[in-house]
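The values are calculated or read from the model by the stated rules, or taken from the named source; none is laboratory data. Small disclaimer: the values here were computed from a predicted structure and weren't measured. Quick reminder, even Gly has a Cβ in these numbers, built from the backbone with ideal geometry, and neighbours come from all protein chains shown. Each accessible area value is taken on the protein alone, full model and side chains, heavy atoms only, with ligands, DNA and RNA left out. Shrake-Rupley method; radii C 1.70, N 1.55, O 1.52, S 1.80 Å.
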Amino acid sequence: MQKADVVVIGGGAVGTSAAYHLARRGRKVVLCEMRNIASGATGRCGGMVVHCYGRELNIEKTDLRLMYTRASTRIMREYQKSFEIDFELRQVGCLDIAIDEQEFEGLKELLRIQRSLGDTEIELLDKKQTLEVMPNLNPELIAGSRLRRSDGNLNPFKLARAQALEAQKLGAQIRTQTRVEKILLSGGEVQGVEVADGVIEAPHVVNAANGWAHQLTPGLETIPVRELAMVTERLPKLPPQPFEMLCLGDFAYGATQTASGNYNLGGPGPARPPGYDYYDERIYVDEVYRVMSYIAVIFPKLAEVSVIRSWVGTMAFTPDAMPSIGPMPGAKGLFIAAGYPDGMAWAAVSGKLAAEHICDGRTSLPIDHLDPGRFLGQPKVRWPQPYDLTVCHDFLTRERALKHAK
Amino acid sequence: MRVLHHPILGDAPAARAVTIHVDGRPVQALEGEMIASALTAAGIKRFRTTSRGRDPRGIFCAIGRCTDCVMEVNGRPNVRTCVTPVEAGMTVNTQVGLGVWK
């Protein structure tokens, strides 16, 4: 039987961050990953670092989100000074595009709120200014945009690998191909985890399994989301702003050029029929075609380039779009860090908060609002609510049809 | 050199002679033949340079798979010249690294 101070479940950006910060604090850490490092959402996302994802008009939530994500970026800047692997963090800015006047008014309101919180990093760009920053966007689809210059992108594989490597140097054990079958509890206290070849005893467990987290911790509300991504051939540098387009609400289609010149493209797939399998990692040609054709409407230049690889992955949301970070009620010793719609902006700080909570019993940033128990006893969220993808699909299909009609 | 009589494919179809512009110089080509054929016939072997070492590259697989022969064609980089037919007046430029995309 193996013994550890802490078992971390999940080898993505969040789990490896927790392993690194715990190892730094001298804890004996075993990280269990059911596949390989960065096999879940981390290795399948677009790698965008967006400090204030979405268009949340709730002042308190916006304020919190910025507090965590800014702290996360500061930690990553620290990483860059000492880490062996360069994870290609580039703060090139990110555009959040409004496609019509009504949406643009919403963006202005959001900007007003964010400025009132002392956020001076954001700029509101009108149509002309947006096209100056990113000349290749479809001018017919732009009313204006919000630019945050501190946003950008990174290489998610390298971030996870960098954190895992530094954790290993500090003595952490990284066990890949090790699925945790069960978190062992006795009398409301964590005893360790059960894996295929036995038990790992530990008084603390960090559940960072994101889309799989709720399977190990009943009562936890993480909603799996199946997202598509594609990578194009290497292209010359275009004006570097990645963009996310929140189309008619909450659906972000995004494109971002990586350090090597490839474009990462992605977004939600077609409308989901009932019984849809959010864990299906097979990719179907028709859905690639559809997402690519949507992106080509927004970014016409990309219609000409070759996609060299495409994949799908399981991301995870929570009902209020804020991750669950904190101790799980009723399970002493169990810390949750899961449910990230925008994980790259949160990963570094999440692991640090887990380590602080486990080692000190308190955290340097308040985490009450991220309490993993906050959805207990509330009705379960079911797709397609609150994200009705048919709305988005209809819109882009119409745009495409209009374009082809010309 | 052009393959005008192929033992299996037969004789090359008759084609109109056209001019394309390669790195600013006029080059005689046959309409519809692959750009790479026209360049080879004109004695041009260097199509691009690699992005790191700036080493020269040209035809390798010649069937559209390897992307070694890509050039900037009519302002677009990464065009596989071995599977892209010649059109009259085409602009073909050596691609340096990842090239330039206007």
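A few points about this structure:
- Surface accessible to a 1.4 Å probe, B:E31 within the full protein complex, Å²: 80 Å²
- Dipole of the protein assembly as shown [Lys/Arg +1, Asp/Glu -1 at C-beta], most positive-end residue of A:V14, B:T67, A:A164: B:T67
- With DNA, RNA and ligands ignored, accessible area of A:D86 (1.4 Å probe; Å², nearest 10): 100 Å²
- Rel. contact order, % - alpha carbon contacts under 8 angstrom, at least six apart, the stretch B:17-96: 38 percent
- For chain A, the Rg and Dmax computed from alpha carbons only, in angstrom: 20.8, 69
- Accessible surface of the stretch A:2-399 [probe 1.4 Å, protein heavy atoms]: carbon and sulfur percent: 51 percent
- Relative to the Cα centre, the charge distribution of chain A, modelled as +1 at Lys and Arg Cβ and -1 at Asp and Glu Cβ, gives a dipole magnitude of about 820 debye.
- Among beta bridges that DSSP assigns inside the protein assembly as shown, antiparallel share in %, nearest 5: 75 percent
- Applying the criteria of a DSSP loop state and at most 13 other Cβ atoms within 10 Å to the chymotrypsin sites (Phe, Trp or Tyr not before Pro) of chain B yields B:F60.
- Span from the the stretch B:22-81 Cα centroid across to the the stretch A:281-312 one, whole angstrom: 27 Å
- Under Karplus coefficients 6.51, -1.76 and 1.60, residue-wise ³J(HN,Hα) of the stretch A:329-339 in Hz, glycine/proline x: x, x, 9, 4, x, 9, 10, 9, 9, 7, x
- Ranking B:S51, B:A41, B:P26 by Cα position along the charge dipole of the stretch B:14-60, where only Lys, Arg, Asp and Glu carry charges on their C-beta atoms, puts B:S51 farthest toward the positive end.
- Annotation: amide H of A:V195 within the under-5 Å range of A:E181, A:I200, sequence separation 5 or more or interchain, hydrogens built in the peptide plane.
- Computed with a 1.4 Å probe over protein heavy atoms only, the accessible surface of the stretch B:28-76 comes to 58 Å² per residue.
- Percentage relative contact order, chain A, counting C-alpha pairs under 8 Å, at least six apart: 24 percent
- Paramagnetic reach from B:A12 in the stretch B:61-100 [backbone N under 15 Å; point 7 Å along Cα→Cβ]: B:82-87
- For chain A, the per residue solvent-accessible surface stands at 40 Å², with DNA, RNA and ligands left out and a 1.4 Å probe.
- Projecting the Cα positions of A:L125, A:S72, A:I325 onto the charge dipole of chain A (unit charges on Cβ atoms of Lys, Arg, Asp and Glu, taken about the Cα centre) puts A:S72 furthest along the positive direction.
- Under 5 Å between amide hydrogens, built in the peptide plane, is the criterion, and for A:A255 it picks out A:F243 among residues at least 5 positions away or on other chains.
- Relative to one another, the C-alpha centroids of the stretch A:347-363 and the stretch A:198-222 are positioned 16 Å apart.
- Residue of A:P319, A:P327, A:P218 that the Gaussian network model of chain A assigns the largest fluctuation, springs spanning Cα pairs under 10 Å: A:P218
- Each Lys and Arg Cβ is given +1 and each Asp and Glu Cβ -1; about its Cα centre, the stretch A:15-106 then shows a dipole of about 900 debye.
- Database remark: amide H of A:L31 closer than 5 angstrom to the amide H of A:V8, A:Q173, A:I174, A:R175 (H placed geometrically; neighbours at sequence offset of 5 or more, or on other chains; Pro and chain starts carry no H).
- Placing unit charges on the Cβ atoms only, positive for Lys and Arg and negative for Asp and Glu, gives the stretch B:17-96 a dipole magnitude near 380 debye about its Cα centre.
- Here the stretch A:1-101 is treated as a Stokes sphere of Kirkwood radius computed over C-alpha pairs; at 20 °C and 1.002 mPa s its diffusion coefficient rounds to 132 µm²/s.
- Look at the stretch A:228-234: the mean tally of other chain Cβ atoms within 10 Å of its residues' Cβ atoms is 2.
- Helical runs assigned H by DSSP (4 residues or longer) give chain A a calculated mean residue ellipticity at 222 nm of -10000 deg cm²/dmol, each run adding -39500 (n - 2.57) before division by the residue total.
- P(r) tail for the stretch B:17-96: Cα pairs beyond 16 Å make up 41% of the total.
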